[in-house]
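Just so it is clear, none of the values below were taken in a lab; they were calculated from the coordinates. Being a predicted model, the structure only gives us computed values, none of them experimental. All Cβ positions, even for glycine, are placed from backbone atoms using ideal geometry, and neighbour counts span all protein chains on display.
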Amino acid sequence: MLATDGLWFSYQEEPILKGLTLDFSRQPVTGLVGANGCGKSTLFMNLSGILRPQQGAVLWQGKPLDYSKRGLLALRQQVATVFQDPEQQIFYTDIDSDIAFALRNIGVAEDDIVRRTDDALTLVDAQSFRHQPIQCLSHGQKKRVAIAGALVLQAKYLLLDEPTAGLDPSGRMQMIAIIQRIVAQGNHVVISSHDIDLIYEICDAVYVLRHGEMLAYGTPGDVFARKAQIEQAGLTQPWLVKLHTELGMPLCKSEAEFYTRMRGTHIKEAS
Ligand SMILES: Nc1ncnc2c1ncn2[C@@H]1O[C@H](COP(=O)(O)OP(=O)(O)OP(=O)(O)O)[C@@H](O)[C@H]1O
C-alpha cells in the first residue's frame with residue numbers, strides 16, 4: 001500500500017503540499033493532474049522518500065516511511081520513479097550497464113541481472129536499439145530506457161512523471177501500450193501528466209490537485225464531467241468528455257470505443 005496521510009510539505013517557509021490524504025493502492029492506474037506548480041513533482045519526491053514531509057506521513061505497507069538508509073533502499077526497490085527528463089536518470093553510455101546499475105548495487109546475481117535486463121528491455125520495446133550508445137538515442141527512446149531502469153527492479157509501484165511529454169503521436173501510443181503491459185503484470189502505476197486525454201483514457205482513478213490541496217478524486221468519467229471544477233483547477237476536459245458534455249454524444253473511454261459506437265449509431269440511422 002502506498003498512500004499519504006495528512007501530508008504537509010514546504011520549501012523553506014512556503015507550504016506546497018497542504019494536508020494531502022491520498023491512496024494509490026485502490027486502483028491499478030491512478031492519475032495526478034493539476035496546473036503548473038500545484039505540487040505534483042513535489043508529491044512524487046515525497047512518495048519516493050527524496051523529500052520528507054514536515055507534517056503527516058507517506059505510508060508504505062500501512063506504516064509511516066522509514067527514512068533510514070536501509071528503509072529507503074527497501075522502498076526504492078518497490079516504488080520506482082521515472083522523472084520527466086530521462087537524462088536525469090541515465091548514468092552510463094551503454095544501455096545494458098545503465099539498466100543493470102541498480103541491480104548490481106543491491107547485489108543481484110549476474111545471471112538474474114542478464115535475465116531481468118532482457119525482460120525490461122523487451123517490455124519497453126527497446127531491443128532494436130539496445131546496442132546503440134545512449135547519447136545517440138532519441139528523447140522517446142531514452143524515456144523508454146529510463147522506464148526499463150525502473151522496471152528491472154520489479155517494483156510494485158511505478159511513478160511516472162509526464163511519461164508522454166516530448167513524444168510524437170506514435171511514441172505516445174507506444175508509451176500507452178508499455179503502461180498497459182506494466183499494469184497487466186500486476187503492478188500499480190501513478191501517472192502525473194498534463195496530457196489530460198492520456199489521463200482520461202488510461203487511468204482508473206484521478207486525483208485533481210489545486211495549490212497543493214486535493215480538489216477532487218474519482219473515476220476519470222466522474223471527475224472530468226465536472227467542468228467548473230476542472231476549470232477551477234486550471235485544466236480543460238478531455239476531448240471525449242467534451243463531446244459528451246457539449247454535444248450529448250455517448251461518453252466513451254477511448255477513441256476506438258467512440259468510433260465503434262458512432263459507426264453503430266450511423267448504421268442504425270441509415271437502416
Ligand atoms: N527546490 C525548490 N525550492 C523552492 N520552491 C520549489 C522548489 N521546487 C519546486 N518549488 C515550487 O514548488 C511549487 C510546486 O512545484 P512542483 O514542481 O512540485 O509542481 P508541479 O505540479 O510538478 O508543476 P509542473 O506541472 O510545472 O511540473 C512551485 O511553486 C515551485 O516553484
Next on the checklist: Just to verify a result, which residue in region 46-70, among those that are hydrophobic (A, V, I, L, M, F, W, C) and over 17 Å from His188 (Cα atoms), is surrounded by the most Cβ atoms within 10 Å (Cβ to Cβ)?
Outcome noted: Leu65
Checklist entry - Could we say that Gln135 is in contact (Cβ under 8 Å) with a residue 12 or more places away in the chain, closer than 15 Å to Gln89 by Cβ and surrounded by fewer than 19 Cβ atoms within 10 Å (Cβ to Cβ) here? => result yes
Item to check | Evaluation of Leu17 against (1) under 30 Å from Pro238 (Cα atoms); (2) more than 11 Å from the ligand (Cβ to nearest atom); (3) assigned to a strand (DSSP E or B) (one fails), failing number | outcome: (2)
Next on the checklist: Need a quick list: helices (runs of 4 or more DSSP H) entirely within region 24-123 having at least 1 residues that are within 27 Å of Gly218 (Cα to Cα).
Outcome noted: 40-47, 69-78
